[in-house]
Amino acid sequence: MRKYTFGMLAATGALAVSAGLTGAATASNAFSAASPEDGRVGILDGCSWAWPCGEVQNDSGRSVRVSLNWTCDAKTAPLGSSCPKEIKTVKPGAHKGGGDVDVDAFEVPKGCKYYFKVGALDPEESRTAGWYKFNNSLTITITRTSC
């Protein structure tokens with residue numbers, strides 16, 4: 001049975017609905033590594049109980065590398081970049097982040113394509129080789145990989 005963290009619920013909008021909040025942004029319009037210039041990806045200054053930490057849930061069959069400390073203003077970076085720091089590995093079926101651990105970005109290795117969802121209700125997206133930064137409050141679920 002899959003556990004849902006505070007960050008996952010917030011990313012799907014479930015908390016905004018249950019709390020009666022209005023004007024909450026959907027996860028899909030808060031993340032877009034394909035078009036970082038459109039302003040949908042932002043760099044935020046930390047997380048708290050009110051603004052959950054970023055998280056990566058790995059539902060694929062391949063380990064995923066994530067960065068706990070993104071050090072650049074850029075929202076994407078090529079492989080080998082100095083932007084991602086504190087790199088950790090998320091094994092298949094596991095997650096990293098949420099609570100007091102903030103995941104800032106995930107890596108897609110050379111020759112691979114990763115498919116993911118930003119929120120449970122959002123359509124699946126994909127990215128090829130590189131590093132991709134996302135907002136603190138989001139949960140990125142890696143659904144499958146092709147390498």
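The values are calculated or read from the model by the stated rules, or taken from the named source; none is laboratory data. If you're wondering where the values come from, they're calculated on a predicted model, not measured in any experiment. Cβ sites come from the backbone with ideal geometry, for glycine too, and all protein chains shown count toward neighbours. What goes into the accessible areas is simple: the full protein's heavy atoms, side chains included, and nothing from ligands, DNA or RNA. Shrake-Rupley method; radii C 1.70, N 1.55, O 1.52, S 1.80 Å.
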Task: Residue satisfying all of: in region 113-137; in contact with a Cys (Cβ under 7 Å, 6 or more places away or on another chain) and open to solvent by less than 10 Å² (accessible area, probe 1.4 Å); nearest to residue 71 (Cα to Cα) among these - done: 131
TODO: Would you please name the residue that is nearest to the chain's Cα centre (by Cα), looking only at residues in region 57-101 that are surrounded by fewer than 20 Cβ atoms within 10 Å (Cβ to Cβ) and hydroxyl-bearing (Ser, Thr, Tyr)?
DONE: 76
Task: Filtered residues of region 117-139 (kept if part of a strand (DSSP E or B) and in contact with a Lys or Arg (Cβ under 6 Å, 6 or more places away or on another chain)) - done: 126, 128, 129, 133
